[in-house]
1. Scan (1) in a helix (DSSP H, G or I); (2) under 20 Å from Gln94 (Cα atoms); (3) modelled with pLDDT under 80 for the single condition Lys25 breaks and write down its number.
2. State which residue is modelled with the lowest pLDDT when the search covers only region 28-48 and only residues that are out of contact with any helix residue (DSSP H, G or I) (no Cβ under 6 Å at 6 or more places or on another chain) and aliphatic (A, V, I, L, M).
3. Need pairs with beta-carbon distance below 6 Å; first residue outside any loop (DSSP other than H, G, I, E, B) and within region 47-64, second surrounded by 15 or more Cβ atoms within 10 Å (Cβ to Cβ) and among the aromatic types (Phe, Trp, Tyr); sequence gap 6+ or separate chains.
4. Can you work out which of the residues in region 50-102 that are among the β-branched types (Val, Ile, Thr) and either open to solvent by 50 Å² or more (accessible area, probe 1.4 Å) or in contact with a strand residue (DSSP E or B) (Cβ under 6 Å, 6 or more places away or on another chain) (or both) is modelled with the lowest pLDDT?
5. I'm checking my understanding of the structure. Among residues of region 58-98 that are under 12 Å from the mean Cα position of the chain (by Cα) and aromatic (Phe, Trp, Tyr), which one is nearest to Phe46 (Cα to Cα)?
Amino acid sequence: MAEEVGPGITRAAALRQMAKATGRKIADAGTAVSPPSCIAHVWSWFLGLLPLYAAGPLPRPAWIAADIEARFGLRPTGFEVGVLLDLFGLWRRQRTGNAEQG
């Protein structure tokens, strides 16, 4: 959980931010449950692309699809790209909310 998934972003920090953004409790780092196998690859893509898209404007769906294909060798479906856009949007809203509070 202490491994970095981006510049200065650990997996544990990413999970904490997602818990804040979704309002759902995430299990402790030592007992974290993996996402269901049917969506685990999208979470992996999100964590892999987070350093690219964590700041700046939301990426276009075509950019996300091209980056996934280049980095992971897979062509994502429209649904998968939509989930990633939602995750990036949640990440940004949470980061913006934290910056305004702190």
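The values are calculated or read from the model by the stated rules, or taken from the named source; none is laboratory data. Computed from a prediction, not measured in an experiment: that's the story for all the values here. So basically every Cβ, Gly included, is an ideal-geometry build from the backbone, and we count neighbours across all protein chains shown. SASA here: full protein model, heavy atoms, side chains in, ligands and nucleic acids out. Shrake-Rupley method; radii C 1.70, N 1.55, O 1.52, S 1.80 Å.
1. (1)
2. If we take residues in region 28-48 being out of contact with any helix residue (DSSP H, G or I) (no Cβ under 6 Å at 6 or more places or on another chain) and aliphatic (A, V, I, L, M), then Ala32 is modelled with the lowest pLDDT.
3. Pairs found: Tyr53/Phe88.
4. We begin by selecting, within region 50-102, every residue among the β-branched types (Val, Ile, Thr); these are 64, 68, 77, 81, 83, 96.
So of that shortlist, the ones also either open to solvent by 50 Å² or more (accessible area, probe 1.4 Å) or in contact with a strand residue (DSSP E or B) (Cβ under 6 Å, 6 or more places away or on another chain) (or both) come out as 77, 96.
Values: Thr77: 96, Thr96: 73.
Taking the candidates together, the pick is Thr96.
5. Phe88
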